[in-house]
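The structure's right below; bear with me while I get my questions together.
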Amino acid sequence: MTSPFDLTGKVAIVTGANTGIGQAIAVALARAGADVACVGRTSAAETVAQIEALGRRAINIAADLSTIAPVNRIVDEAVDTLGGFDILVNNAGIIRRADAVDFSEADWDAVIDTNLKSVFFLCQAAGRHMIGHGGGKIINIASMLTFQGGIRVPSYTASKSGIGGLTKLLANEWARKGINVNAIAPGYIATNNTAALQADEVRNKSILDRIPAGRWGDASDLGGAVVFLASSAADYVQGHILAVDGGWLAR
């Protein structure tokens with residue numbers, strides 16, 4: 001009997017797949033059987049090599065999602081090279097830190113454009129393709145700050161709160177069209193984006209003290225959640241934000 005988590009024959013697009021969480025997601029999807037279009041502002045060649053070593057097809061799509069200019073090209077390259085796509089994971093994102101009273105318009109716009117505007121328009125392009133091809137799965141990467149306010153990251157908090165709302169809106173519109181739209185909210189994951197927090201002895205201790213699991217998450221901890229939401233096992237899951245946080249929100 002075929003496993004409901006088997007992604008053999010599926011094609012995924014993963015943004016920000018060149019490193020960290022995006023790389024771990026892309027490899028997890030490949031392990032489940034999917035071929036993967038790896039999108040990155042810098043080369044995702046290392047991720048492509050890991051996927052090909054698993055016997056799956058992979059391509060590297062160079063794209064800077066600080067603007068929506070590459071959105072249609074990303075979709076076209078995946079379709080032209082891999083024959084289509086069934087799964088989109090919107091992982092690419094940036095963060096800027098400063099006190100709210102000092103936060104600049106440039107930092108506000110840079111984060112909102114990458115983390116929210118480009119995500120919507122990539123969802124839109126994917127939705128147009130999926131509606132015409134029997135449906136698909138869209139997984140947005142949210143955050144603990146989709147639920148909480150945080151400190152010193154106003155544009156990041158606004159963008160990730162927006163991801164939560166956008167995920168629900170698209171689920172409402174597209175569920176009847178065979179498209180599942182959900183999100184994953186990672187907890188504190190040890191990546192480049194959180195390096196400053198890990199290096200701050202006081203903040204690092206306060207974070208670890210709050211996590212019931214007692215450790216920072218690893219990017220690979222997100223793999224199972226992504227595979228689940230990308231698979232037929234999640235066919236009746238819509239508009240959900242799945243926290244993978246070591247118990248942070250339960251505290």
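The values are calculated or read from the model by the stated rules, or taken from the named source; none is laboratory data. Note that the structure is predicted; figures quoted are calculated from it, not measured. For neighbour counting, all protein chains shown are included, and Cβ atoms are generated from backbone atoms with ideal geometry for every residue, glycine included. Please note that ligands, DNA and RNA were not included when accessible areas were found on the heavy atoms of the full protein model with its side chains. Shrake-Rupley method; radii C 1.70, N 1.55, O 1.52, S 1.80 Å.
Go through (1) more than 21 Å from MET130 (Cα to Cα); (2) assigned to a loop (DSSP other than H, G, I, E, B); (3) at pLDDT 95 or above; (4) open to solvent by 10 Å² or more (accessible area, probe 1.4 Å) and name the single condition GLY9 misses.
Unmet condition: (1).
Sticking with this structure for a sec: Of all the helices (runs of 4 or more DSSP H) wholly in the range 154-224, which have at least 3 residues that are among the small types (Gly, Ala, Ser)? Don't jump to the end; show me each part of the working.
Numbers: elements: 154-174, 195-199, 201-210.
Hits in the range 154-224: 154-174, 195-199.
From the set of residues in the range 12-43 that are open to solvent by 60 Å² or more (accessible area, probe 1.4 Å) and in contact with a Gly (Cβ under 9 Å, 6 or more places away or on another chain), which is modelled with the lowest pLDDT?
As a first pass, look at the range 12-43 and keep what is open to solvent by 60 Å² or more (accessible area, probe 1.4 Å): 19, 31, 41-43.
Going one step further and asking which of them are in contact with a Gly (Cβ under 9 Å, 6 or more places away or on another chain), we end up with 19, 31, 41.
Numbers: THR19: 93, ARG31: 98, ARG41: 96.
My answer is THR19.
Assuming ILE151 fulfils every condition listed in (1) open to solvent by less than 30 Å² (accessible area, probe 1.4 Å); (2) assigned to a loop (DSSP other than H, G, I, E, B); (3) aliphatic (A, V, I, L, M) apart from one, which condition is it?
The single condition ILE151 does not satisfy is (1).
Can you tell me which residue in the range 87-115 is most open to solvent (accessible area, probe 1.4 Å), limited to those that are closer than 23 Å to PRO186 by Cβ and either of a type in the set (Asp, Glu) or in a helix (DSSP H, G or I) (or both)?
Looking at the filtered set, the residue picked out is TRP108.
Another one. Specify which of the listed residues (LYS160, LYS117) is of a type in the set (D, E, K, R), within 18 Å of ASP64 (Cα to Cα) and under 16 Å from the mean Cα position of the chain (by Cα). Can you show your working first?
Working: LYS160 fails: within 18 Å of ASP64 (Cα to Cα).
Residue meeting the stated conditions: LYS117.
Could you grab the pairs with beta carbons closer than 6 Å, sequence gap of 6+ or different chains, first residue in the range 115-137 and among the basic types (Lys, Arg), second one assigned to a helix (DSSP H, G or I)?
Partner pairs satisfying both residue conditions: LYS137/ALA230.
Name every residue in the range 45-86 that is open to solvent by 50 Å² or more (accessible area, probe 1.4 Å), in contact (Cβ under 8 Å) with a residue 24 or more places away in the chain and polar (S, T, N, Q), in order of residue number.
Result: GLN50, THR67, ASN72, THR81.
On to the next question. Residue check: is ALA196 among the hydrophobic types (A, V, I, L, M, F, W, C), open to solvent by 50 Å² or more (accessible area, probe 1.4 Å) and touching a residue at least 40 places away in the same chain (Cβ under 8 Å)?
Values: among the hydrophobic types (A, V, I, L, M, F, W, C): yes; open to solvent by 50 Å² or more (accessible area, probe 1.4 Å): yes; touching a residue at least 40 places away in the same chain (Cβ under 8 Å): yes.
Judged against the criteria, ALA196 is a match.
Restricting attention to the range 164-176, and to residues there that are of a type in the set (A, V, I, L, M) and touching a residue at least 24 places away in the same chain (Cβ under 8 Å), which single residue is most open to solvent (accessible area, probe 1.4 Å)? Outline the logic, then answer.
Start the filter on the range 164-176 by keeping residues that are of a type in the set (A, V, I, L, M), which leaves 166, 169-171, 175.
Within this subset, residues satisfying the condition of being touching a residue at least 24 places away in the same chain (Cβ under 8 Å) are 166, 170-171, 175.
On the way: LEU166: 24, LEU170: 5, ALA171: 7, ALA175: 44 Å².
Only one residue tops the list, namely ALA175.
Can you confirm whether the range 210-221 contains a residue that is surrounded by fewer than 15 Cβ atoms within 10 Å (Cβ to Cβ), without any contact (Cβ under 8 Å) to a residue 24 or more places away in the chain and polar (S, T, N, Q)?
Within the range 210-221, none of the residues are surrounded by fewer than 15 Cβ atoms within 10 Å (Cβ to Cβ), without any contact (Cβ under 8 Å) to a residue 24 or more places away in the chain and polar (S, T, N, Q).
Open to solvent by less than 60 Å² (accessible area, probe 1.4 Å) and out of contact with any Lys or Arg (no Cβ under 9 Å at 6 or more places or on another chain): which single residue out of SER161, SER143 fits that description? Quick ask: steps written out before the conclusion?
On the way: SER143 fails: out of contact with any Lys or Arg (no Cβ under 9 Å at 6 or more places or on another chain).
So the residue among SER161, SER143 that is open to solvent by less than 60 Å² (accessible area, probe 1.4 Å) and out of contact with any Lys or Arg (no Cβ under 9 Å at 6 or more places or on another chain) is SER161.
Which residue out of ILE184, ILE131, ILE138, ILE211 is touching a helix residue (DSSP H, G or I) at 6+ places or on another chain (Cβ under 9 Å), at pLDDT 95 or above and within 21 Å of ASP64 (Cα to Cα)? Steps first, please.
Details: ILE184 fails: within 21 Å of ASP64 (Cα to Cα); ILE131 fails: within 21 Å of ASP64 (Cα to Cα); ILE211 fails: within 21 Å of ASP64 (Cα to Cα).
That would be ILE138, the only listed residue that is touching a helix residue (DSSP H, G or I) at 6+ places or on another chain (Cβ under 9 Å), at pLDDT 95 or above and within 21 Å of ASP64 (Cα to Cα).
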